[in-house]
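Contents: one structure, followed by commentary.
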Amino acid sequence: MSTHTIQEEIPGTVMFDGRMAMKGYALNKMCFSFNSAANREAFRKDEEAYMESYGLNEQQKAAIRARNVLQLIDAGGNIYYLAKFAGIFGLTVQDVGAQQTGMTVEEFKEFLRKQGE
Amino acid sequence: MAEIIGGLTSSHIPAVGNAYARKLFDDPYWKPFFDGYPPVHGWLKEKKPDVAVVFYNDHGLNFFLDKMPTFSIGAAPSYENQDEGWGIPTIGTFEGHPELSWHIIEGVVGDGFDVCSCQEMAVDHGFTVPVQLFWGDRTENPIKTIPICINTVQHPLASPKRCHEFGKAIGRAISSFPGSEKVVILGTGGLSHQLDGTRAGFINKEFDLMCMDKIVDEPEELAKLSIHDLVREAGAQGAEFILWMAMRGALGDKVAEVHRNYHIPISNTAAGLMLLETRA
């Protein structure tokens, strides 16, 4: 007998489970490759060819082209691997947080700070 | 027999690696964070542990989704910090203690925890940032290390209760090692934070402080939480608190809190630091 139960959703939060891990496998594998400086350089030189070589689907390619983190998550991206993609453009987790929440980076930093009061 | 003298917890925020490299210890943003550490440095100087057993989570350096073990234990003579892709400086090689590693592996498998053993293991900021915060560049204060990685990348994650029990098994194994080593246990990561989704930036001070209070004398209460509870109350990455639960398990029944620090925010995270001493 399985004890697995379906949990209620947590607003604004995607649980990266097996279903998402299968959906995003190619995208995450590409982002995992960015641990290597040579691979980051190869991506910079020819993004389309690099995405093709990892077999990204159209949704994933479009999200990469748009540099849109919510779209990347929707396409199966896991934030730990996506962080390596964001790093290519020098983006911090505050930049990424601001983009996802529709705030400016300054607003996002203030939002973080206020939670300490 | 080897002796577990205490436990340390520390957040392992990557930005700390950069701030450390740039020596921003007195910078107004960083000072409330770095000021938490000197009391622990004093304790480490006095107690001089030989080995740090470090519960941490890999963030996509050593493990990928092709093979994602729930519990893995380093069994290497040394562990290398490698490029993570987004520009924190790498800080070299960490000395291991493979004899103790294999003793732990044999102990916990005998206890029903079927771990993945790793004779090669690259360690990322989850491991390196806390070790650097506590031992600096490890020349003046040398320390052997054993990394123990718990999956927090891909659900299902091991429950707080399971991680607490895993920690207990680790503690039993260390305490039966025929040696004179003094061992300190690290639980890294946390506290509340969320990097992804429209809830990014979520922090929960009240919940964090409750966890810091209860982990001292009532860890069994925290072991009742589910992973879903942790994600809801502490954020998607706040689930890293399971690493603190493993640390606490290894310390045995009674501990005394010697020091703590808590500060919001460092990067997107509520940073927590604790020093617990084991008591007979």
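Identify all lysines with a Cα-Cα distance to B:K47 below 21 Å; exclude those on the same chain that are fewer than 8 residues away in sequence.
B:K144, B:K182, B:K254
Once you average over the residues of B:78-90, how many Cβ atoms of partner chains fall within 10 Å of each Cβ?
For peptide B:78-90, the averaged partner shielding equals 4.
Assuming R0 = 45 Å, can you tell me the calculated FRET efficiency for the pair A:V105 and B:E120, based on Cβ-Cβ distance, to the nearest 0.05?
0.70
Partner chain Cβ atoms within 10 Å, averaged over the residues of B:199-208 - can you pull that number for me?
6
Does any residue of the stretch B:237-253 lose at least 20 Å² of accessible area with all protein chains in place compared with its chain alone, and if so which ones (probe 1.4 Å)?
B:Q237
Probe 1.4 Å, all protein chains in place: accessible area of B:D114 in Å², nearest 10?
About 120 Å², ignoring ligands and nucleic acids.
Starting from the exponent 0.38 and prefactor 2.2 Å, build the expected Rg for the stretch B:37-93 from its residue count and divide its actual Cα Rg by it.
1.46
Per residue of chain B, what 222 nm ellipticity follows from adding -39500 (n - 2.57) for every DSSP H run with n ≥ 4, rounded to the nearest 500? Let's see the in-between values first.
Numbers: 10 runs with 97 residues, N = 280.
Taken over chain B, the calculation gives -10000 deg cm²/dmol.
Relative to the isolated chain, which residues of the stretch A:62-83 have their accessible area cut by 10 Å² or more in the presence of all protein chains (1.4 Å probe, heavy atoms, no ligands or nucleic acids)?
The answer is A:L70, A:I73, A:N78, A:I79, A:Y80, A:Y81, A:A83.
Rounded to the nearest 500, what is the 222 nm mean residue ellipticity of chain A from helices alone, with -39500 (n - 2.57) per DSSP H run of 4+ residues and division by all residues?
My calculation for chain A gives -17500 deg cm²/dmol from helical runs alone.
If you take every DSSP beta bridge fully contained in the protein assembly as shown, what fraction is antiparallel? Give it as a percent rounded to 5.
The antiparallel fraction comes to roughly 50 percent.
Which log10 I(q)/I(0) values does chain A give at q = 0.10, 0.12, 0.19 Å⁻¹ under the Debye formula, counting every alpha carbon as one identical point scatterer?
-0.36, -0.50, -1.03
Express the accessible area of the stretch B:85-168 per residue in Å², computed with a 1.4 Å probe while the remaining protein chains stay in the model. Working shown, then result.
Numbers: 3190 Å² over 84 residues.
Dividing the accessible area of the stretch B:85-168 by its residue count gives 38 Å².
Kirkwood Rh, the stretch B:195-280, all Cα pairs: how many Å?
Radius from the Kirkwood sum: 13.6 Å.
Rounded to the nearest 5, what % of the DSSP beta bridges within chain B are antiparallel ones?
Working: 21 of 44 bridges.
Roughly 50 percent of the DSSP beta bridges within chain B come out antiparallel.
How large is the Rg to Rh ratio of the protein assembly as shown when both quantities use alpha carbon positions and Rh follows Kirkwood?
Reported Rg/Rh (Cα atoms, Kirkwood Rh): 0.95.
So what is the accessible area of the stretch A:34-87 per residue, in Å², with the probe set to 1.4 Å?
On the way: 2300 Å² over 54 residues.
Using a 1.4 Å probe on heavy atoms only, each residue of the stretch A:34-87 averages 43 Å².
At a Cα cut-off below 13 Å, give the aspartates and glutamates reachable from A:K109, other chains included and same-chain residues fewer than 8 away excluded.
Hits, sequence-local ones excluded: A:D95.
Chain pair B, A: how much accessible area is buried, both chains summed, with a 1.4 Å probe, in Å² to 100?
So the total buried area for this chain pair works out to about 3500 Å².
List the residues, sorted by chain then number, that are 5 or more residues from B:V258 or on another chain and whose placed amide H is less than 5 Å from its amide H.
Answer set, sorted by chain and number: B:L275, B:L276, B:E277.
Counting only other chains, what is the mean number of Cβ atoms within 10 angstrom of the Cβ of each residue in peptide B:23-36? Don't skip to the answer; put the middle values down first.
Details: counts 0, 0, 0, 0, 0, 0, 2, 0, 0, 1, 0, 0, 0, 0.
Across the residues of B:23-36, the mean count of other-chain Cβ atoms within 10 Å is 0.
Give the peptides B:243-254, B:168-179 in descending order of average Cβ contacts within 10 Å, highest first.
Answer by packing, highest mean first, reads B:243-254, B:168-179.
What number comes out for accessible area per residue over the stretch B:180-280 if the probe is 1.4 Å? Units Å², please.
On the way: 3060 Å² over 101 residues.
Value returned for the stretch B:180-280: 30 Å² of accessible area per residue.
Based on Cα positions only, what radius of gyration and what Dmax would you give for the stretch B:71-159, in angstroms?
For the stretch B:71-159, the Cα-based Rg and Dmax read 13.9, 41 Å.
Tell me, what is the Rg over Rh of chain B, with Rh the Kirkwood radius over Cα pairs? Write down the numbers at each step before the final one.
Values: Rg = 16.9 Å, Rh = 18.4 Å.
Answer for chain B: 0.92.
Just the number, please: carbon plus sulfur as a percent of the accessible area of the stretch B:121-280, 1.4 Å probe, no ligands or DNA/RNA counted.
Using a 1.4 Å probe with all protein chains present, the stretch B:121-280 comes out at 48 percent carbon and sulfur.
Give the span of the stretch B:1-139's Cα atoms along each principal axis, as three whole-Å numbers ordered largest to smallest.
So the extents along the principal axes, rounded to whole Å, are 49, 38, 24.
Could you check how much of the accessible area of chain A is carbon and sulfur, as a whole percent, using a 1.4 Å probe?
Values: 3460 of 6240 Å².
Ligands and nucleic acids excluded, carbon and sulfur reach 55 percent.
Need one number: % antiparallel among DSSP beta bridges in the stretch B:1-151, to the nearest 5. Don't skip to the answer; put the middle values down first.
On the way: 6 of 17 bridges.
Taking every DSSP beta bridge with both residues in the stretch B:1-151, the antiparallel ones total about 35 percent.
The values are calculated or read from the model by the stated rules, or taken from the named source; none is laboratory data. Computed from a predicted model, the values in this text were never measured in an experiment. Ideal geometry is used to build each Cβ from the backbone, glycine not excepted, and the neighbour counts take in all protein chains shown. In case anyone asks, the SASA skips ligands and DNA or RNA and just uses the protein heavy atoms, side chains included. Shrake-Rupley method; radii C 1.70, N 1.55, O 1.52, S 1.80 Å.
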